[in-house]
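Accompanying notes for the structure given below.
The values are calculated or read from the model by the stated rules, or taken from the named source; none is laboratory data. Just so it is clear, the structure is predicted and the values come from calculations on it, not from any experiment. Don't worry about glycine lacking a Cβ; one is built from the backbone with ideal geometry, like all the others, and counts go over all protein chains shown.
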Amino acid sequence: MPGQLTIVQGHPDPAGNHLCHALADAYADGALSAGHEVSRIEIARINFALLRTQQEFERGLLPETLVPAHDALVAALIY
């Protein structure tokens, strides 16, 4: 049964060409070929301020740049 997967790729270099990028690409290719939906979060490409309190972690207070990542993670958990 196909599912919704979210790949979080956390290498700090946004340029790519590192093992972490290659592993994320291979995992995504395999999941897609198996019929899964895949969304990706590239940490190095997201510009956001540090979240310092519990309130800042709540959905309504997230910086706008983190909303797509939040939504992708929630979708993967719900599926």
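Considering each residue of region 12-29 in turn, none proves to be loosely packed, with under 11 Cβ neighbours inside 10 Å and in contact with a Pro (Cβ under 7 Å, 6 or more places away or on another chain).
For region 62-72, a residue qualifies if it is closer than 11 Å to Thr6 by Cα and either at pLDDT below 90 or touching a Leu at 6+ places or on another chain (Cβ under 8 Å) (or both), and exactly one does: His70.
Just give me the residues in region 1-38 being over 23 Å from Val67 (Cα atoms), assigned to a helix (DSSP H, G or I) and either more than 16 Å from the chain's Cα centre (by Cα) or among the aliphatic types (A, V, I, L, M) (or both), in sequence order. Residues satisfying the conditions are Leu19, Ala22, Leu23, Ala26, Gly30, Ala31, Leu32, Ser33.
Does Leu5 satisfy the condition of being under 17 Å from Ala76 (Cβ atoms) and of a type in the set (A, V, I, L, M)? Here the answer is yes, as Leu5 does meet what is asked.
Kindly provide the set of residues from region 39-61 that are touching a helix residue (DSSP H, G or I) at 6+ places or on another chain (Cβ under 7 Å), at pLDDT below 75 and either under 19 Å from Tyr27 (Cβ atoms) or not in a helix (DSSP H, G or I) (or both), ordered by number. Don't jump to the end; show me each part of the working.
Going residue by residue through region 39-61, those that are touching a helix residue (DSSP H, G or I) at 6+ places or on another chain (Cβ under 7 Å) are 39-41, 46-48, 51, 55, 59, 61.
Filter again for at pLDDT below 75, leaving 51, 55, 59, 61.
Passing the criteria: only Leu51.
Search region 39-56 for residues being within 16 Å of the chain's Cα centre (by Cα) and hydrophobic (A, V, I, L, M, F, W, C), and hand back the single one that is farthest from Pro68 (Cα to Cα). Restricting to residues being within 16 Å of the chain's Cα centre (by Cα) and hydrophobic (A, V, I, L, M, F, W, C), the top hit is Ala44.
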